[in-house]
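Asks: Supplied in structure tokens, the structure appears directly below.
The values are calculated or read from the model by the stated rules, or taken from the named source; none is laboratory data. Nothing here was measured: the structure is a model prediction, and the numbers come from that model. Counting neighbours? That spans all protein chains shown, and the Cβs are built from the backbone with ideal geometry, glycine included.
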């Protein structure tokens, strides 16, 4: 059963929509362009910092804080779960591989197989770019499932099951098939018509750390994804 209780809007952090909140967890919908956690250069413009400020409700002396459970790439939008205690964090992380994660993406081109699974071992080079390798000792196993939802002349809208959560996994897997995520400047090609990375975390199924109850959180397909698909269809018909 889906849970979508909204948090208080008074201290709502910019760039994050509170999808659900209780004493143990907080689930947000992150915009594209916002870091999940801070870096050495930028510790404040990230979901983690903004949510820490949010749970303190304007009280700098408050001991309330959030704990990072998982991350999304800066340019990937969608659902992020944070814990409100170390106990909840450890439970979620220890069981994370068993939870179901779904994404939607707009890929460049049309896929020959409209449904399938991509598997490889992913490694990272000295330039921090991820790639597939046949050497099991060098890489970590990665598995990505997909299903085509819609096609235009230039793009494919796909639903993705993320079976493993490796760095840049979805982006690398589809780029290596010749169908990179639209707007991916690292693993694909720059396109002036695409203003952002067209990858969105749309569904998370987890167990609540306190009640063990299954919880499903969902967002719709971003409007810009459908607009890109429709714009290309419309152009091709004229």
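Asks: So, in the range 57-69, of the ones that are in contact (Cβ under 8 Å) with a residue 24 or more places away in the chain and closer than 19 Å to residue 87 by Cα, which residue ends up surrounded by the most Cβ atoms within 10 Å (Cβ to Cβ)?
Replies: 66
Asks: Can I ask one more? Within the range 167-179, is there a residue that is under 28 Å from residue 17 (Cβ atoms) and in a loop (DSSP other than H, G, I, E, B)?
Replies: The answer is yes, given that some residue of the range 167-179 is under 28 Å from residue 17 (Cβ atoms) and in a loop (DSSP other than H, G, I, E, B).
Asks: Only residues that are crowded, with 18+ Cβ neighbours inside 10 Å and either more than 20 Å from the chain's Cα centre (by Cα) or at pLDDT 95 or above (or both): list them for the range 1-17, please.
Replies: 7, the sole residue that qualifies.
Asks: Could you tell me whether the range 200-209 includes any residue that is within 28 Å of residue 24 (Cα to Cα), in contact (Cβ under 8 Å) with a residue 12 or more places away in the chain, buried (at least 16 other Cβ atoms within 10 Å of the Cβ) and touching a helix residue (DSSP H, G or I) at 6+ places or on another chain (Cβ under 6 Å)?
Replies: Yes, the conditions are met somewhere in the range 200-209.
Asks: Now for a separate question. Identify, by number, the condition in (1) within 23 Å of residue 180 (Cβ to Cβ); (2) modelled with pLDDT of 95 or more; (3) out of contact with any helix residue (DSSP H, G or I) (no Cβ under 7 Å at 6 or more places or on another chain) that residue 92 doesn't meet.
Replies: Here residue 92 meets the rest and fails (1).
Asks: Moving on to the next point. Which of the numbered conditions does residue 105 fail, given that it passes all the others? Conditions: (1) modelled with pLDDT under 95; (2) under 16 Å from the mean Cα position of the chain (by Cα).
Replies: The failed condition is (1).
Asks: Turning to a different aspect of this structure: Can you name every residue in the range 121-133 that is exposed (fewer than 12 other Cβ atoms within 10 Å of the Cβ) and touching a strand residue (DSSP E or B) at 6+ places or on another chain (Cβ under 7 Å)?
Replies: Within the range 121-133, 125 is the sole residue that qualifies.
Asks: Scan the range 91-143 residue by residue and report those that are within 19 Å of residue 163 (Cα to Cα), in contact (Cβ under 8 Å) with a residue 40 or more places away in the chain and part of a loop (DSSP other than H, G, I, E, B).
Replies: Once the filter is applied, which keeps residues that are within 19 Å of residue 163 (Cα to Cα), in contact (Cβ under 8 Å) with a residue 40 or more places away in the chain and part of a loop (DSSP other than H, G, I, E, B), the range 91-143 yields only 99.
Asks: Could you please give the count of residues in the range 150-164 that are in contact with a strand residue (DSSP E or B) (Cβ under 8 Å, 6 or more places away or on another chain) and surrounded by fewer than 15 Cβ atoms within 10 Å (Cβ to Cβ)? Break it down into steps so the answer makes sense when it comes.
Replies: At the first step, the residues of the range 150-164 found to be in contact with a strand residue (DSSP E or B) (Cβ under 8 Å, 6 or more places away or on another chain) are 150-151, 154-164.
Narrowing the set further to residues that are surrounded by fewer than 15 Cβ atoms within 10 Å (Cβ to Cβ) leaves 164.
Summing the residues that are in contact with a strand residue (DSSP E or B) (Cβ under 8 Å, 6 or more places away or on another chain) and surrounded by fewer than 15 Cβ atoms within 10 Å (Cβ to Cβ) in the range 150-164 gives 1.
Asks: Residue 66 fails exactly one of the following numbered conditions: (1) in contact with a helix residue (DSSP H, G or I) (Cβ under 6 Å, 6 or more places away or on another chain); (2) more than 19 Å from residue 93 (Cα to Cα); (3) modelled with pLDDT of 80 or more. What is the number of that condition?
Replies: (2)
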